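Encoded as C-alpha cells, the structure appears first; notes follow it.
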Amino acid sequence: MTSDSVAGVSGAEDADLLALMPFAVGVGVELEMATAELVTGRLAWSADRCTAGGMLHGGALMTLADSVGAICAYLNLPSGATTSTLSSSTAFLRAVRRGHARATALPLHIGRTSIVVQVQVRDDHDRPVAQVIQTQAIRASRPSEST
C-alpha cells in the first residue's frame, strides 16, 4: 500500500501510514480510508487471532482500534510533531466470530498538547463490537542537537 492508495491521503504524504506501525501490519490491520476527519480500517477474523470459543481476541480488537485512532491523531498533528497513546478506554459489546471487524476513528478534541479520538468497532452486520476513547499526546519535534 502506498499513501496514494489511501483515500483522503494526498501524494504529499511522505510515509505509508500503516507501515509506521509494523505491529499492526503483522496482526493484519488493513487501512481503508484516512483523512484528518475520518479514518477507517478493518481486521479479518482468523483462528490465530482468537481467544476461547473462536472469538476475535480483545487484544486484536484493541490493536485495530489503537491503530486507526493513532492514524487519526497523526493526521491532525501540527507540522513536525509526533503522537503517542496516553490512555485508551474500551467497552467491549459483542464478540466477532467470523467475517471482520471494522473500526472508524473520529477526532473529538484537537488541543495543543493532546488529541482525543473516538473509535467505534463494528462487525459485518454493522453491530457495535467495541467503543474506544483514546487520548493521544502531541509531542513537539525537538531541534537537532549540534555538536
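For the pair Ala52 and Ser84 in one chain, pulling the backbone fully straight at 0.36 nm per residue adds 8.4 nm over the alpha carbon distance.
When the P(r) is computed for the chain, the part past 27 Å accounts for 21% of the Cα-Cα pairs.
Filter the trypsin sites (Lys or Arg not before Pro) in segment 58-147 down to the DSSP loop ones having no more than 16 other Cβ atoms within 10 Å, then list what survives.
Details: sites: Arg94, Arg97, Arg98, Arg102, Arg112, Arg122, Arg139; in loops: Arg94, Arg97, Arg98, Arg112.
Passing both the DSSP loop test and the Cβ count: Arg94, Arg97, Arg98, Arg112.
Principal-axis analysis of the Cα atoms of the chain puts helix 58-74 at an angle of about 30° to the longest axis. Per-atom-type breakdown for segment 83-123 gives carbon and sulfur 47% of the accessible area (1.4 Å probe, protein chains only). Within the shell of other residues whose beta carbon sits under 14 angstrom from the beta carbon of His100, the net charge comes to +3, with Lys and Arg scored +1 and Asp and Glu -1. For the peptides 22-32, 55-65, the ranking by mean Cβ contacts within 10 Å, running from highest to lowest, is 55-65, 22-32.
The values are calculated or read from the model by the stated rules, or taken from the named source; none is laboratory data. Only a predicted model underlies this, so the values are computations on that prediction, with no experimental measurement involved. Here Cβ is always computed from backbone atoms with ideal geometry, including for glycine, and neighbour counts include all displayed protein chains. Calculation scope for accessible area: heavy atoms of the full protein, side chains included, ligands and nucleic acids excluded. Shrake-Rupley method; radii C 1.70, N 1.55, O 1.52, S 1.80 Å.
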